[in-house]
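The values are calculated or read from the model by the stated rules, or taken from the named source; none is laboratory data. It should be emphasised that the depicted structure is a prediction, and the values quoted were computed from it without experimental measurement. Cβ placement follows ideal geometry from the backbone for every residue including glycine, while neighbour counts extend to all protein chains displayed.
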Amino acid sequence: MAKTSDKKPVKKVETKTSKAAPAKVVSKNVQDPTKNIEKALEAGLDSQVEYAYEDDSKTKKGKGKDKPKPKPTKVEQGLLVSVEYVGKLKSGEEFDNSKAHGPIQFVVGNGQVIKGFDKAVIGMKIGDKKKFTIPKVDAYGDANPALIQQIPLSKVPENIKSQLKVGGFLVMQSPVGQQVPAKVIKLDKDNVSLDMNHPLAGQDLTFDIKLVDINHAPEGSECGDCGDNCGDNCDCGHDHK
């Protein structure tokens, strides 16, 4: 389930009938792409955005010949964990699970998953199961009205304009390279209205999880993408408190 740090332009994909998308749990702080809407729209159209978990840990080859550390037996901050999960909304509707793409793998405390998920695994052992609910404040917060914007069609590239349809998604790109899915909620001859809120904004999320593995994090993965240069004032989006 994807953090969106890939800075390559998003390729346009064939449009298909859109459907409810599962949740991208790793993306915590999405930057506002509307400051440069024309550049963002160049990212292309994707009507089947997959909001799935991803392994965002970065690995580097270790140096030296230190004696291997004993395998951890309980989850603590800074350890690499693998977790099977099923995610549901308050209504009981399932929005995502690990069956299709395998367990989620992340370094605990690095901000690679939403805060509530990160907290829930602390203290678990291999084979432990847990069911918990993450309130929206520790998930994606409330929907932000400022992220619903009307864009003149004159500012939309022609190759994208012809594919727009209500219910589809534009995969936009923020100034720092984050992929930001924007749902088309209204379309007329002059304008298109886009909702850039996360699809699960405003929702409490319930998870059934099973911890399947614990390991020491690879050297250099202390803070996902930003490594040793990260800190309280960096813009990586991770929680360093």
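Residue 156 falls short on exactly one of the conditions (1) within 26 Å of residue 139 (Cα to Cα); (2) crowded, with 17+ Cβ neighbours inside 10 Å, and that condition is (1). When you check residue 85 against the structure, is it of a type outside the set (S, T, N, Q), farther than 21 Å from residue 195 by Cβ and at pLDDT below 55, yes or no? So residue 85 fails the test.
Looking at 119, 115, 210 in this structure, which one is farther than 18 Å from residue 90 by Cβ, surrounded by fewer than 20 Cβ atoms within 10 Å (Cβ to Cβ), at pLDDT 95 or above and under 21 Å from the mean Cα position of the chain (by Cα)?
From the options 119, 115, 210, the qualifying one is 210.
The residues of region 121-151 that are assigned to a helix (DSSP H, G or I) and either aromatic (Phe, Trp, Tyr) or in contact with a helix residue (DSSP H, G or I) (Cβ under 9 Å, 6 or more places away or on another chain) (or both), listed by number, are 137, 138, 146, 147.
Just one of the listed residues (100, 143) is exposed (fewer than 14 other Cβ atoms within 10 Å of the Cβ) and hydrophobic (A, V, I, L, M, F, W, C), and it is 100. In summary, residue 68 fulfils each of the numbered conditions (1) over 14 Å from residue 209 (Cβ atoms); (2) within 16 Å of the chain's Cα centre (by Cα) with the single exception of condition (2).
Residue count for region 161-181 under the criterion of being β-branched (Val, Ile, Thr) and touching an Asp or Glu at 6+ places or on another chain (Cβ under 8 Å): the result is 2.
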